[in-house]
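Have a look at the structure below before the remarks.
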Amino acid sequence: MESDMSGMKFSTALIHGGVHEDGGTGSVNVPIYQTSTYAQENIGGVPKWEYSRTGNPTRAALESLIAELESGAAGFAFASGLAAETAVLSLFESGDHILLSENVYGGTFRLMDKIFKNFGITFSLADTTDAAAFEAAFTPQTKAILIESPANPLLTVTDIAAVAEIAHRHGALVIVDNTFMTPYLQKPLTLGADVVLHSATKYLGGHSDLVAGLVVVKDASLAERLAFIQNSTGGVLAPFDSFLLIRGIRTLAVRMDRHALNAEKIARHLAAHPAVRKVYYPGLETAQGHAIQEKQAKNGGAMVSFELAPERDIKKFFPALRVVTLAESLGGVESLVCHPATMTHAAIPKETREAVGITDGYLPLTVLNMLALMLGAFLTWHIAYRLRGLAFGAKVLLLSTLNPIYYVSVFWVYSNTLSVPFMMALLDLAVTIYSSKSPLIRFIGGISFSITFIFAYFIRPTAVIPVIALVFCVFCYRGRLFAKETLINQRFPKIWD
Ligand SMILES: Cc1ncc(COP(=O)(O)O)c(C=O)c1O
């Protein structure tokens, strides 16, 4: 039933790959083998078809089709893109570390953060567009990198060959989520990747009528391990959905060509529109990574992201749309639009999202900024008061309120990361504790800060930098406070005492 497509053009392989003909009837289409099990002749044999979790002819046709299209050793079909990712991540074990590209799909982040982390597989986000920063993110435990290019949703382009070379130098497996490109536009295995995965729900299915995931591996040993995982964990694609997916893939070339043509027109139109602040489309000459995209992919793809101008009300934008539907997902024949911060990327903590540039856009930030400014002023005064007393606190407050740089910096810092007021509050508490006369309170304070630091390190290693800064501040001040302790405490009795 399997066919040999070697030597065929890609668009021919789309139509004829995977299945040649049905042995029994000559059926041109892959039949739906809607069966859970197969009759066996006797005990002790090794039947080709045994049980449909282990193997099913319709699914097998799809698996061999995608393996051919991605130029890999073997393909595997799963019940969703995330089931495919779960199977791939099951290649790793407790103690392993995985590097994710910064802009990954929210569900990938959630899978690592809320599921695999519980099994001792840690991860961190890395900027895959900056080779030095990316290489610095490797640890001796890093066993794989999982990247998207262009990445969801800011369409950040990564040089797959370059990161694969770095990863292989560190002995890490290269996994590429090729959902946004499909093998028609980009073939990661030929660029150095070891594993390619797809949410086939998207362009491969192409009609928004199924949920599926596909994996293709480069070599036979990975194929053997993944086949074992697929059968052991069991998140396989059903025969009917396998049939639908084969049907969708047959028209991939014509759909992707037209999608990309339309996407580029829309991107250029939006880029010139006064209501739009920024457009992200790798096919535009001005886009980040455009040259790399041209080198490793056929065109810029069919996804366009954009930010509305700040004065436009995003809440009015969505209801005013005609033809384009507000919905999660992508890759169907119809045009969809989504708001990543509240939809596809809601699973990523706001702070992490904003750090990589996925903003909420329409939140009433002016009110938040005013509150943050007031909180900043209060904390500044309070720290100064704790250090030197009321009069000094008042002077610092007065000086800072007269200084425009203060407003600009507080406004900028507070509106960008909510962790800063929290850090300021901790610093305030630290100063209060360390300026205490009681050695017991200072001792308890010191212990609690060390515990906070250790927790912060394990919970979110990226938060370690501000925490180190905080501890550094506390210890710097500690010496000065002890030197002046008698004077300060005589003049301003502390609440802690
Ligand atoms: C890039 C990418 N990878 C993986 C997934 C998950 O796929 P599925 O929804 O089929 O589980 C998605 C879903 O939106 C996606 O956009």
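Near TYR105, once Lys and Arg are set to +1 and Asp and Glu to -1 for all other residues with Cβ below 10 Å from its Cβ, the sum equals -2. Measure up LYS278/LYS315; LYS117/LYS143; LYS117/LYS187; LYS265/LYS298 against 21 Å on the Cα-Cα distance and list the ones that go over. In this structure, LYS117/LYS187 lie more than 21 Å apart at Cα. Which shape class, rounded, prolate or oblate, goes with the range 16-173 when its Cα gyration tensor gives a ≥ b ≥ c as root eigenvalues, a/c under 1.5 marks rounded, and past that a/b bigger than b/c marks prolate? Judged from the Cα gyration tensor, the range 16-173 comes out prolate (a/c at least 1.5, a/b above b/c). Summarising the amide proton neighbourhood of GLY75: residues at separation of 5 or more, or on other chains, whose placed amide H is nearer than 5 Å comprise ALA67.
Cβ-to-Cβ counts within 10 Å put VAL236, VAL211 in ascending order as VAL211, VAL236, the fewest first.
What the Kirkwood sum gives for the range 254-348 is a hydrodynamic radius of 14.4 Å, with every pair of different alpha carbons counted. For THR142, the residues whose modelled amide H falls within less than 5 Å of its own, excluding neighbours fewer than 5 places apart on the same chain, are HIS97.
Every number here is computed from the coordinates shown, using simple stated rules; none is lab data. Predicted, not measured: the structure shown is a model, and the values here were computed from it. Note: ideal-geometry Cβ built from the backbone for every residue, glycine included; neighbour counts use all protein chains shown.
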